[in-house]
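Colleague: Dropping the structure in here first, questions after.
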Amino acid sequence: MSIALAGSHFPIAVRHEPLRVMVVDDSAVIRGLVSRWIGAEPDMEVVASLRTGLEAVNQIERIKPDVAVLDIEMPELDGISALPRLLAKKRDLIVIMASTLTRRNAEISFKALSLGASDYIPKPETTREPAAAEIFHHDLIQKIRTFGAKVRRAPASPSHTRPFTAQPTLAPAQEPTQRPVSHPVASALPTQANVKTRPFSPHAPRVLLIGSSTGGPQALMSVVTELGAVIDRFPVLITQHMPPTFTTILAEHLARSSKRPAHEAIDGEAVKPGTIYLAPGGRHMRVVRHGADAVIALDDGPPVNFCKPAVDPLFTSATEVWQTGTFAAILTGMGSDGMRGGKDIVAAGGNVIAQDEATSVVWGMPGAAANAGICSAILPLIQIAPRIVRLFAGDRS
């Protein structure tokens with residue numbers, strides 16, 4: 001896979017016709033709901049509503065969709081089997097995996113995302129629950145529109161395929177749920193042009209916080225793999241927008257990648273160096289001071305920035321515990337979560353860095369922080385871990 005770099009010599013083709021969406025699900029109810037939702041959006045159209053992965057594979061060259069919403073469990077050919085065959089026939093196809101939240105389906109979704117799917121979204125257990133159906137509706141439309149913006153801004157060269165990501169991504173299943181605007185999101189996405197950075201604080205970092213969303217799990221794996229010395233000496237706390245079950249599996253992946261203990265945070269446990277603490281799906285993770293210790297505080301409060309868990313509660317609470325020693329990295333993701341908490345970190349004398357636009361699957365969260373002027377560095381993914389290691393070793397530049 002390749003990435004459309006800023007300043008690329010390829011011409012940019014801004015498309016104005018509706019996004020072509022193919023819905024593939026063996027449930028007639030889900031197909032009907034999703035098709036109606038997409039059909040109600042002025043910048044999208046349903047070009048096919050199919051029951052099996054085999055139908056999708058057989059018809060994709062005729063249909064030529066931009067986006068496929070692909071169920072995992074289907075007769076004849078399931079989603080994980082259909083995925084590589086669909087991408088082989090249309091390499092720039094955006095595939096959003098959709099399935100109910102079970103351990104098995106979450107594992108399959110992680111595999112699908114590593115094989116080239118762009119994102120994942122959980123289907124509600126029942127469409128009779130209005131709140132769950134509305135979240136599914138909003139999240140799905142937002143994901144289609146956001147990834148569709150990449151299609152609209154893709155280079156015109158036919159050989160420059162899958163331009164929006166540098167690697168397979170394990171993407172989150174929980175995203176902001178506000179009603180999307182009706183116009184294409186391409187015009188609203190932040191850009192890195194003319195963004196200014198601030199000097200690094202002279203204060204020594206005492207904790208590493210990371211916030212991420214769409215494309216975050218793969219980015220997290222890349223970063224933690226190289227953070228061994230930092231993890232051994234400092235606590236590492238991560239909030240990734242994901243539902244329950246997915247965060248359990250993500251913690252297992254982080255432990256394998258870092259070769260250090262990693263687990264979903266437990267309410268009331270002391271925060272110590274040598275461990276990665278991951279916010280559990282469906283609960284906000286904060287930290288509080290309890291005597292001489294920093295302690296995890298989980299809560300089941302309302303979504304923040306339409307997300308649960310959200311990054312801002314972690315960032316803001318950390319400043320009350322570590323003050324000037326708070327250091328945060330904001331990685332790829334939709335929305336602006338982390339920006340307000342990042343402002344609190346900077347105001348307390350800490351530091352914030354962000355992933356750059358070119359290597360982000362979606363430059364929403366890092367872009368919001370960068371454009372707010374709170375970042376001391378905006379770096380390609382490959383440079384983030386080495387810079388963190390140097391900063392935590394005493395380099396203040």
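Colleague: Mind telling me which of the residues L314, L278, L331, L379 ends up being in contact with a His (Cβ under 8 Å, 6 or more places away or on another chain), within 22 Å of S201 (Cβ to Cβ) and not polar (S, T, N, Q)?
Modeller: Values: L278 fails: within 22 Å of S201 (Cβ to Cβ); L331 fails: in contact with a His (Cβ under 8 Å, 6 or more places away or on another chain); L379 fails: in contact with a His (Cβ under 8 Å, 6 or more places away or on another chain).
Selected residue: L314, the only one of L314, L278, L331, L379 that is in contact with a His (Cβ under 8 Å, 6 or more places away or on another chain), within 22 Å of S201 (Cβ to Cβ) and not polar (S, T, N, Q).
Colleague: Would a scan of region 113-132 turn up a residue that is surrounded by fewer than 23 Cβ atoms within 10 Å (Cβ to Cβ), in the same structural domain as V24 (by TED's automatic domain parsing), outside any helix (DSSP H, G or I) and touching a strand residue (DSSP E or B) at 6+ places or on another chain (Cβ under 9 Å)?
Modeller: yes
Colleague: Another question, then. From (1) part of a loop (DSSP other than H, G, I, E, B); (2) modelled with pLDDT of 95 or more, pick out the condition that doesn't hold for L391.
Modeller: Exception for L391: condition (1).
Colleague: crowded, with 22+ Cβ neighbours inside 10 Å, modelled with pLDDT of 95 or more and assigned by TED's automatic domain parsing to the domain that holds S376, is that true of T326? Let's see the steps before the verdict.
Modeller: Working: crowded, with 22+ Cβ neighbours inside 10 Å: yes; modelled with pLDDT of 95 or more: yes; assigned by TED's automatic domain parsing to the domain that holds S376: yes.
Against the criterion (crowded, with 22+ Cβ neighbours inside 10 Å, modelled with pLDDT of 95 or more and assigned by TED's automatic domain parsing to the domain that holds S376), T326 qualifies.
Colleague: Among the listed residues R340, R390, which satisfies the condition of being farther than 27 Å from Q142 by Cβ, out of contact with any Lys or Arg (no Cβ under 8 Å at 6 or more places or on another chain) and of a type in the set (D, E, K, R)?
Modeller: Going through R340, R390 in turn, just one is farther than 27 Å from Q142 by Cβ, out of contact with any Lys or Arg (no Cβ under 8 Å at 6 or more places or on another chain) and of a type in the set (D, E, K, R): R390.
Colleague: Something else now. Return the only residue of N371, N351 being of a type in the set (S, T, N, Q) and under 20 Å from the mean Cα position of the chain (by Cα).
Modeller: Step by step, each of N371, N351 is checked, and only N371 is of a type in the set (S, T, N, Q) and under 20 Å from the mean Cα position of the chain (by Cα).
Colleague: A follow-up question, please. Any idea which residue in region 17-26 is surrounded by the most Cβ atoms within 10 Å (Cβ to Cβ), counting only those that are over 13 Å from G79 (Cβ atoms) and touching a residue at least 12 places away in the same chain (Cβ under 8 Å)? First the steps, then the outcome.
Modeller: Keep residues of region 17-26 that are over 13 Å from G79 (Cβ atoms), which gives 17-21.
The next check asks that each one be touching a residue at least 12 places away in the same chain (Cβ under 8 Å); those that pass are 18-21.
Numbers: P18: 18, L19: 24, R20: 18, V21: 26.
Result: V21.
Colleague: Which numbered condition in (1) touching a strand residue (DSSP E or B) at 6+ places or on another chain (Cβ under 6 Å); (2) β-branched (V, I, T); (3) farther than 18 Å from I330 by Cα is the only one that I238 fails?
Modeller: Status for I238: all satisfied but (3).
Colleague: Let me spell it out: the conditions are (1) modelled with pLDDT under 95; (2) under 23 Å from P199 (Cβ atoms), and V362 meets all of them except one. Which number is the exception?
Modeller: The single condition V362 does not satisfy is (2).
Colleague: Tell me whether region 194-201 contains one or more residues that are modelled with pLDDT under 85, surrounded by fewer than 22 Cβ atoms within 10 Å (Cβ to Cβ) and outside the structural domain of A377 (by TED's automatic domain parsing).
Modeller: yes
Colleague: Specify which of the listed residues (P42, P130) is over 21 Å from S213 (Cβ atoms), out of contact with any Pro (no Cβ under 8 Å at 6 or more places or on another chain) and not polar (S, T, N, Q).
Modeller: That would be P130, the only listed residue that is over 21 Å from S213 (Cβ atoms), out of contact with any Pro (no Cβ under 8 Å at 6 or more places or on another chain) and not polar (S, T, N, Q).
Colleague: Out of all the residues in region 73-85, is one or more of a type in the set (S, T, Y), modelled with pLDDT under 95 and surrounded by fewer than 24 Cβ atoms within 10 Å (Cβ to Cβ)?
Modeller: No, the conditions are met nowhere in region 73-85.
Colleague: Right, here's the next one. Out of the residues in region 329-357 that are among the β-branched types (V, I, T) and buried (at least 24 other Cβ atoms within 10 Å of the Cβ), which is farthest from T146 (Cα to Cα)?
Modeller: Residues of region 329-357 among the β-branched types (V, I, T): 330, 332, 345-346, 352-353.
Adding the requirement that they be buried (at least 24 other Cβ atoms within 10 Å of the Cβ) leaves 330, 332, 345, 352-353.
Values: I330: 19, T332: 13, I345: 28, V352: 25, I353: 23 Å.
The residue in question is I345.
Colleague: Still on this model: Quick one: is L70 touching a helix residue (DSSP H, G or I) at 6+ places or on another chain (Cβ under 9 Å), part of a loop (DSSP other than H, G, I, E, B) and either over 23 Å from A219 (Cα atoms) or assigned by TED's automatic domain parsing to the domain that holds M334 (or both)?
Modeller: No, not satisfied.
The values are calculated or read from the model by the stated rules, or taken from the named source; none is laboratory data. Here the structure is a predicted model, which is why all the values come from computation and not from measurement. In this analysis, Cβ positions are derived from the backbone assuming ideal geometry, glycine residues included, and neighbour counts consider all displayed protein chains.
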